[in-house]
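The values are calculated or read from the model by the stated rules, or taken from the named source; none is laboratory data. These numbers were taken from a predicted model, which means no experiment stands behind them. Note: ideal-geometry Cβ built from the backbone for every residue, glycine included; neighbour counts use all protein chains shown. When the accessible area is computed, the model is the full protein with side chains, heavy atoms only, and any ligands, DNA or RNA have been set aside. Shrake-Rupley method; radii C 1.70, N 1.55, O 1.52, S 1.80 Å.
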Amino acid sequence: MDVPLWGCLMFYSRYFIPTIKETPSDAEVISHQLMLRAGMIRKLASGIYNYLPLGLRSIRKFENIVREEMNKADAIEMLMPSVQPAELWQESGRWAFYGKELLRFKDRKDAEFCMGPTHEEVITDMVRREIKSYRQMPLNFYQIQTKFRDEIRPRFGLMRGREFIMKDAYSFDVDSHAADLSYNKMFNAYMRIFERCGLNFRAVEADTGSIGGSSSHEFMVLADSGEDAIVSCDACRYAANVEKAESPLFSAVSSATIEPLQKVLTPEMKTIADVASFLKIAVDKTIKTLVYVSDAGELAMALLRGDHELNELKLKNHLGWDEIQMATEEQILACTGSPVGFLGPIGLKQDIPVIADRVVQGMTNVVLGANEVDQHYINANRGRDFEVSGFVDIRTVEAGDACPRCDSGKLEMWRGIEVGHVFKLGTKYSKALNATYLDANGREQIVFMGCYGIGIGRTVAAAIEQNHDENGIIFPIAIAPFHCSVVAVNTKDAGVMAAAEEIYFCLEKLGVEVLFDDRDERPGIKFKDNDLIGIPLRIVVGSKGLAEGKVEMKIRSTGEVKLLVLEEVATTIKQLIDAALVHPE
RNA sequence: CGGUGAGUAGCGCAGCCUGGUAGCGCACCUGCCUUGGGAGCAGGGGGUCGCUGGUUCGAUUCCAGUCUCACCGACCA
């Protein structure tokens, strides 16, 4: 579907692009700074923004790319309300589980409502009412709609707002196999969407978080300012969020002779590094002991090789806890009898689960805390000296780790911005809301679901994060607010204005999205503004060039400058844009 | 919610320590000048100094409280 983006003349002097010369002090990341400076957005409240005309144009253009690819992938557009009744959320169980991020309020009759942070409940409710037969599936509904999440800490402009535009899609299938096909279709559509925007991104395996479900992939735009750490294998296709990334299996079991257990004095040696250097042993011969507590107050101990880091999410998922936190000094003292710094699994005061990282399985004659102030054990061995509840992958992977999926690869680490996330939901919501259908045998079955999100504003911000220089934004042409600008150097020069106007109208006639900078400003101001707002192509019409029948074309991304004869300008620009907008197949 | 810092003109900041009712740069308005990289000159408009209370003859300044915002941790498109 083509949504018309403009219905009036795009004369800069009559349009509205309030640019700012100085960098606003409260904008931390470059995309936030540039979107403010370029007059794309303005803040209304914490995490809540006005989309100014220029910003809205970029957003609409990205929405249309998403729309095209969703439609191509057989998803059907609809629109759901932002205000949702509490009952649905109570039915799915998320009214209690979702927490403060869900903005709740009451209407005049005291009935409870919330602002929709996501729409699994609403869509599943619709589907359970309308879908009766296996013949009606597969189905996939999507919408592009404003969401509200009362984030604890909104930041980085559109990157993490409380109110934000999201494309969310929900697929419904007869069984898990069919649901996988729907998932793959969406996955491929996502690949095309971000490719069309010219983004450098990775699809990575991810944790499902509060949405739930069996598995998921995140689409990560690579950027140093990204809030997520991801790893990818340099040899195979494996890539994952560090939260989720599996650590490689160390199978080697030490064959060293088992030495007798010995307690040693380690005064004031509280960190692994201190203990290792004090005892003159390698850090990887030590075991690090951590104690965690759940929201329900349950305690658990985690054992890791001294130089490894715990992945709290892995531990939390393994224990089946809703929340996880490091235990307090008091809790630790109560269960081990020792302050932090000398903890270990030997001689615990309370019976708590002891979860060891898989790497610990192969370690012998290790150093660990003795649960006494200033005391450590050396030559501790599992089986003889202590037991564990299980060996589980609970460590955080590091750059340079061996790939968990192939023989030769090493993991590389990146920072990424999560712009899309696809989930296999299974029957989590359909079961809770009793969304069923009759199969070919007339038997009632539960619907299988998937859900698929793209942060619209966040993707535009991520594109800027990845495409800018010291002069401002360098928009990928697919989501640039305009393809081309025409700058009249001196508006008092009738010849210059006439020629510039002529070029403007020719371009517009050819369907080029063009902005005519007709402002009565000095050239420097116009050049600076045009660079800042990141329009890919710029035509400059000046009296000197005009005397020879020529104008200048500058390509924003490369800085390349070409002189074009007047007659060729419009067609040359048109060709360049068409070539740049070719879709990948 | 915890930790840190900040609220003075549209934006960026100074003044506060040592109380006497506010200033600078940019932006804005008028005029002149200027027109290939945010020019120059002259004139001008705009502030209940976040809010509430206290101390004081007098508070932007000192004290207490409160609100808001930003940054660092858990959440997430």
### Query
Roughly what % antiparallel, to the nearest 5, for the DSSP beta bridges in segment A:262-392?
70 percent
### Query
What translational diffusion coefficient, in µm²/s and rounded to a whole number, does the Stokes-Einstein relation yield for segment A:482-580 at 10 °C and a viscosity of 1.306 mPa s, taking the hydrodynamic radius as the Kirkwood radius over Cα pairs?
121 µm²/s
### Message
Under the 0.36 nm per residue contour assumption, what length would be gained going from the current alpha-carbon distance of residue A:135 and residue A:391 to full extension?
### Response
87.5 nm
### Query
In nm, to one decimal, how far is the modelled label at residue A:408 from the one at residue A:224, with both set 7 Å along Cα→Cβ?
3.2 nm
### Query
Given 0.36 nm per residue, what is the gain on full extension from residue A:445 to residue A:558 after removing their alpha carbon distance, in nm?
34.9 nm
### Message
Sequence gap at least 6, Cα distance under 8 Å: using those rules, report the relative contact order of segment A:1-144 to the nearest whole percent.
### Response
20 percent
#### Entry: Residue order for A:196, A:94 - accessible surface, 1.4 angstrom probe, largest first
A:196, A:94
### Proximal lysines relative to residue A:72, as straight alpha-carbon distance under 24 Å, when same-chain residues fewer than 8 apart are discounted
A:61, A:167, A:185, A:424
### Shape category assigned to segment A:1-136 from the gyration tensor of Cα positions, a/c cut at 1.5
oblate
### Task
Would you please give the FRET efficiency between residue A:234 and residue A:431, computed as 1/(1 + (r/R0)^6) with r the Cβ-Cβ distance and R0 = 41 Å, to the nearest 0.05?
0.50
### Summary
For residue A:280, the aspartates and glutamates lying under 20 Å Cα to Cα, once residues fewer than eight places off in the same chain are dropped, come out as A:259, A:268, A:307, A:374
### Query
Per the Debye formula with a single identical scatterer at each Cα and no solvent contribution, what log10 I(q)/I(0) holds for segment A:74-216 at q = 0.12 Å⁻¹?
-0.60
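Once R0 is set to 30 Å, what does the formula 1/(1 + (r/R0)^6) return for the Cβ-Cβ distance between residue A:522 and residue A:50, expressed as a FRET efficiency to the nearest 0.05? Write down the numbers at each step before the final one.
On the way: r = 29 Å, r/R0 = 0.97.
The formula returns an efficiency of 0.55 here.
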### Mean projected area in nm² (Cα convex hull; one quarter of hull surface) for chain A
34.3 nm²
### Query
For chain A, what's the relative contact order in percent, using C-alpha pairs closer than 8 Å and at least 6 residues apart?
17 percent
### Message
Can you pull out the GluC sites (Glu not before Pro) in segment A:356-433 whose DSSP state is coil and whose Cβ has at most 12 other Cβ atoms within 10 Å?
### Response
A:387
### Alpha-carbon centroids, segment A:22-85 and segment A:218-246: separation in whole Å
24 Å
#### Entry: Burial order of peptide ranges A:437-443, A:84-90, A:455-461, A:273-279 (average beta-carbon count within 10 Å, highest first)
A:455-461, A:84-90, A:273-279, A:437-443
### Surface accessible to a 1.4 Å probe, residue A:243 within the full protein complex, Å²
80 Å²
### Task
May I ask for the percentage of alpha-carbon pairs in segment A:262-392 that lie more than 18 Å from each other?
49 percent
#### Entry: When each of A:526/A:554; A:21/A:528; A:492/A:554; A:244/A:431; A:43/A:100 is checked by Cα-Cα distance, pairs over 18 Å
A:492/A:554; A:244/A:431; A:43/A:100
### Task
Calculate the all-directions average of the projected area of segment A:358-509's alpha-carbon convex hull, and give it in nm².
24.6 nm²
### Query
Does segment A:170-254 classify as rounded, prolate or oblate by the C-alpha gyration tensor (a ≥ b ≥ c root eigenvalues; a/c under 1.5 gives rounded; else a/b over b/c gives prolate, otherwise oblate)?
oblate
### Cut-off under 5 Å, modelled amide H: who pairs with residue A:327 long-range
A:291, A:292, A:293
### Query
Distance in nm between label sites at residue A:323 and residue A:146, each 7 Å beyond Cα in the beta-carbon direction?
3.1 nm
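Would you kindly work out the equivalent ellipsoid of segment A:522-585 from its C-alpha gyration tensor and give its semi-axes, the square roots of five times the eigenvalues, largest first in whole Å? The partial results should precede the final answer.
On the way: eigenvalues 100, 60, 12 Å².
Three semi-axes, in Å: 22, 17, 8.
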### Query
Over the Cα atoms of segment A:211-282, how large are the radius of gyration and the largest Cα-Cα distance (Dmax), in Å?
20.4, 52
### Task
With a 1.4 Å probe and every protein chain kept in, tell me what percent of the accessible surface of chain A is carbon plus sulfur.
51 percent
### Message
Give me the extension gain from residue A:23 to residue A:175: residue separation times 0.36 nm, minus the current Cα-Cα distance, reported in nm with one decimal.
### Response
49.4 nm
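In segment A:109-158, which trypsin sites (Lys or Arg not before Pro) are in a loop and have at most 11 other Cβ atoms within 10 Å, using DSSP for the loop call?
Hits after loop and neighbour filter: A:109, A:132.
How large is the charge dipole for segment A:133-281, taken about the Cα centre, if only the Cβ atoms of Lys, Arg (+1) and Asp, Glu (-1) carry charge, to the nearest 20 debye?
Result for segment A:133-281 is approximately 340 debye, rounded to the nearest 20.
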### Message
Tell me the per residue accessible area of chain A using a 1.4 Å probe; a whole number in Å² is fine.
### Response
45 Å²
